[in-house]
Amino acid sequence: MTVNVGVLLAVIVVMRLRRRTQARSRVEERNTALFVLALGIVIAPTPLGQGILDVIKQLVSGVSQAGA
């Protein structure tokens, strides 16, 4: 059985973010941030990651044009 690393990281991130904010320590919040960063690095080169990047580029360009 193979496990997709991106899916595994996504599950970990969702489970960690479901916890109450008051119950988190600084170490737990740092670890969650590291998991999110690792998930971003794993997703970035995939077609899904490229699609997300394109959407973000369009949003940023729309916001910057609206502000000018």
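The values are calculated or read from the model by the stated rules, or taken from the named source; none is laboratory data. Note that the structure is predicted; figures quoted are calculated from it, not measured. A quick note on method: Cβ atoms are made from the backbone with ideal geometry, for glycine too, and the neighbour counts reach across all protein chains shown. We work out accessible area using only protein heavy atoms, side chains counted, and drop any ligands, DNA or RNA first. Shrake-Rupley method; radii C 1.70, N 1.55, O 1.52, S 1.80 Å.
Structural remarks
- Inter-label distance for N4 and I52, nm, one decimal - labels placed 7 Å from Cα along Cα-to-Cβ: 1.3
- Taking every protein chain into account, the accessible area of the chain amounts to 83 square angstrom per residue (probe 1.4 Å).
- Heavy atoms of T32: accessible area, 1.4 Å probe, square angstrom to 10: 10
- Estimated from the Cβ-Cβ distance and a Förster radius of 35 angstrom, the FRET efficiency linking Q65 and L34 is about 0.50.
- Of the two radii for the stretch 12-57, the radius of gyration is 1.10 times the Kirkwood radius, both from the alpha carbons; that is the Rg over Rh value.
- A simple count of charges around A33, restricted to other residues whose Cβ falls under 13 Å of its Cβ and scoring Lys, Arg +1 and Asp, Glu -1, yields +2.
- GNM result for the chain, Cα springs below 10 Å: residue of Q50, Q22, Q58 fluctuating most strongly: Q22
- Share of carbon and sulfur in the accessible heavy-atom surface of the chain [1.4 Å probe, %]: 68
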